[in-house]
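All remarks here apply to the structure that follows.
The values are calculated or read from the model by the stated rules, or taken from the named source; none is laboratory data. For clarity, every value in this text was computed on a predicted model and none was experimentally measured. Neighbour counts are summed over all protein chains in view; Cβ atoms, including those assigned to glycine, are modelled from backbone coordinates with ideal geometry. Note: areas computed on protein heavy atoms with side chains; ligands, DNA, RNA excluded. Shrake-Rupley method; radii C 1.70, N 1.55, O 1.52, S 1.80 Å.
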Amino acid sequence: MAFVQTPQDYRDYKGNPFLEACYDAYKYFFEVSMPSRNEHNAIIFCGTMGLIRKSVVQEIGGWDEWCITEDAEASLRILKLGYKSIYINQAYGHGIMPLNFEGLKKQRFRWCFGGIQVLRKHWESLMPWAHWVDPKNQLTATQRYYYLLSSLQWFNESITLVFTTMLLISSIAIMLGWDTGVRPLAGTIAVIPLVFLTLGLGRFLWALRYRLNLGWMRALRAMGSFFSLSWVVTLASIQGLIQPRGVFLRTSKSKGDSNLLRALVVTQWETGIGIACGLTGLFLAISKPPFEGWLTAIFLFWQMGLYLAAPAYSLLSERSTKSMSITSAGDIDGKLICLLYTSDAAD
């Protein structure tokens, strides 16, 4: 047994709509994904609230400082050696979540960028033929599947942005009479994304409702929390591919004065894309298009909601201020630290 992981759990979120949505979104991973991975010895070591055997860390050569999610990267190298891991679904501690949307974006950027770094470094070890190339690679097919999927899923938002761009270009071209070569959704092709969207949302809501035991409104808010981070995940996935190294963006766990203007500034790109989708969809609907045009307009309104979730949750995080009891090194007076250090040294 090389490492044990337990859920990351949090406190001081009840009664705060923004933090409740974040809490339920975090819990989705630890209540749905991790138990499934545990059945196949494919869990991710998350660092926080986990135990790892020192001798195994030494055996793999220590943490990889190149990767900003060094804990998850280490767990893959450990499993490659044939070690075991286990996930115990019981919380043993309660921390603090990012207290505003800006902090949440930084955290998700770091997670996504690190996930792409893991993919860049270990993609060959996750291929079906990996064991033939490297006989020392003891990853099973299921382990490779879970780790490959966890890295590739970060590109979902990039695909969403491409889909949004195609919708905007084709719609504007139709209304202006331009021939861009980009055709609108038509025929069977128009139904395919609708089916995928419906099935995806249905599966997601089912898991939130019945695995996490959430009511409809709370499940929808948790889902909206995921949607609100679409743009930052897109940026992180692209930068993770082209940048050699990443910067560890520290997630602030303290909250200053409410700043509604700042809340909008940090989501200016999402707001711009969302408004563009909404206005294009509105003009397209006013022009009384055929069936395929109406379907395109519906998708544009959906994309609008997807991207405008970011400023909505950013504003919600600033309006849902709540006093918290936070203890950290920054809360302790410098003289007290000196006295404590002197006392310890004397002992």
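Which value in Å is the Kirkwood Rh of the range 89-237 over different Cα pairs?
Answer for the range 89-237: a Kirkwood hydrodynamic radius of 18.9 Å.
Just to verify a number: FRET efficiency for Ile275 and Leu220, C-beta to C-beta distance, R0 = 22 Å, to 0.05?
With a Förster radius of 22 Å, E is 0.50.
Roll a 1.4 Å probe over the protein heavy atoms and report the accessible area of Val133 in Å², nearest 10. So the heavy atoms of Val133 present about 110 Å² to solvent. Placing a pseudo-label 7 Å from each Cα along the Cα-to-Cβ vector at Glu124 and Lys84 gives an inter-label distance of 3.1 nm. Protein heavy-atom surface of the range 48-179, 1.4 angstrom probe: 60% of the accessible area is carbon and sulfur, with nucleic acids and ligands not counted. For Ile96, the solvent-accessible surface with a 1.4 Å probe is about 20 Å², rounded to the nearest 10. The slack between Arg262 and Arg203, meaning 0.36 nm per residue of separation minus the straight C-alpha distance, is 17.8 nm.
Heavy-atom accessible surface of Cys112, to the nearest 10 Å², is about 0 Å², with a 1.4 Å probe and all protein chains retained. Shape analysis of the range 1-160 based on the Cα gyration tensor places the equivalent ellipsoid semi-axes at 28, 18, 14 Å, largest first.
Filter the GluC sites (Glu not before Pro) in the range 1-96 to those in DSSP coil with at most 16 other Cβ atoms within 10 Å of their Cβ, and list the result. Taking the range 1-96 and a limit of 16 other Cβ atoms within 10 Å, the loop GluC sites (Glu not before Pro) found are Glu39, Glu65. With 20 Å as the limit on Cα-Cα distance, the pairs of Lys54/Lys121; Lys27/Lys105; Lys54/Lys84; Lys84/Lys136; Lys54/Lys80 that go past it are Lys54/Lys121. Against the criterion of solvent-accessible heavy-atom surface with a 1.4 angstrom probe, Arg221, Arg262, Arg144 sort, most first, into Arg262, Arg221, Arg144. Near the amide H of Tyr10, within less than 5 Å, lie the amide hydrogens of Gly95, all on another chain or at least 5 residues away, with H placed in the peptide plane. Structural size metrics of the range 43-129, computed from C-alpha coordinates, are Rg and Dmax of 14.5, 44 Å.
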